[in-house]
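The values are calculated or read from the model by the stated rules, or taken from the named source; none is laboratory data. Since this is a predicted model, take the numbers as computed values, not measurements. Positions of Cβ are generated from backbone atoms using ideal geometry, with glycine treated the same way; all protein chains shown enter the neighbour counts.
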């Protein structure tokens, strides 16, 4: 949600680690139609791949390789980190597919990193979950949220204001805005709930007294919360729901402003084909696969997320539980054009307010 986390590179087909330097167009003797490797390289925000090998990426990448013979090489990090890496590599493009959370997918498009491609099945994706010009489309829908330790806090906090209580000092942490997608989401939700940038920054300045400090990795906050090292942290529904299956003390909740309703907003994993990708045709095939009915049907049951295709309506136990979790939560739609345009200013305001 966000990307989000620490950099990790893996060859998904085998599960073994590979060096970032191997992500070149000349590392294989197996030729595809483009004269390069029989490979596709994905730069992605984390949350969809499991260290245990049982995440949505693990399953759909393995199915893709079995179906096409194309190996998936995977690089993981914060959404902002992945975009920055792709920018640095523009003169020697390494990635074929880029998957990040908003507003970083819009940022990637604005930096000229993406080329237009409408994957098969993208006509079944809501207009708000894809770009009008075909530069990107959501492959897994998701929502921003927070987690709490259910053992130490029998009931989740209800409001932002509760988090200012001294009992949360050194027991609360959120990932870094501008670096992590979920960290940036903290700013977006706070500005919505408090009615603008200034009141949001005023609140976050107060909250800083309890905050452990910056974190480039949202995914690492959930294990700390499950263990009780933290009482509260930020996250996103898909990632935290998947983590909760092996972290029994993890609970998901949505802060409200005092006197208001709990709110959240969509924070989808959005995918685009990288401009001048070394393996463009393989990238197109992978995007088609990620939006296929078979892959989308696995989003809730394996990934703990929400299908991007509106014609895929899972009824598995996870889907039922996710629907219940979202009940009563007000979903608002951020002005992504404004956020993309003013993100640097918002992050600078946060840095100034918190001294980060």
Top-ranked residue in segment 240-259 [being surrounded by fewer than 18 Cβ atoms within 10 Å (Cβ to Cβ) and in contact with a helix residue (DSSP H, G or I) (Cβ under 7 Å, 6 or more places away or on another chain); ranked as nearest to residue 307 (Cα to Cα)]: 249
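Name the residue, out of 76, 37, 81, that is surrounded by 21 or more Cβ atoms within 10 Å (Cβ to Cβ), more than 22 Å from residue 270 (Cα to Cα) and modelled with pLDDT under 95. Walk me through it before giving the result.
Working: 76 fails: more than 22 Å from residue 270 (Cα to Cα); 81 fails: more than 22 Å from residue 270 (Cα to Cα).
Testing whether each residue is surrounded by 21 or more Cβ atoms within 10 Å (Cβ to Cβ), more than 22 Å from residue 270 (Cα to Cα) and modelled with pLDDT under 95 leaves just 37.
Report, by residue number, each residue of segment 90-121 that is touching a strand residue (DSSP E or B) at 6+ places or on another chain (Cβ under 9 Å) and part of a loop (DSSP other than H, G, I, E, B). Steps first, please.
Residues of segment 90-121 that are touching a strand residue (DSSP E or B) at 6+ places or on another chain (Cβ under 9 Å), as a first pass: 93-102, 104-109, 113-119, 121.
Listed by number, the residues that qualify are 93, 94, 95, 96, 101, 102, 113, 116, 117, 118, 119, 121.
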If I ask for residues that are more than 17 Å from residue 349 (Cβ to Cβ) and touching a helix residue (DSSP H, G or I) at 6+ places or on another chain (Cβ under 7 Å), which ones from segment 166-179 would you list? 172, 173, 175
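Quickly run through segment 227-239 and pick out the residues that are in a helix (DSSP H, G or I) and surrounded by fewer than 23 Cβ atoms within 10 Å (Cβ to Cβ).
Residues of segment 227-239 in a helix (DSSP H, G or I): 227, 237-239.
The answer is 227, and nothing else.
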Among the residues of segment 288-308, what is the count of those that are outside any loop (DSSP other than H, G, I, E, B) and touching a strand residue (DSSP E or B) at 6+ places or on another chain (Cβ under 6 Å)? 3
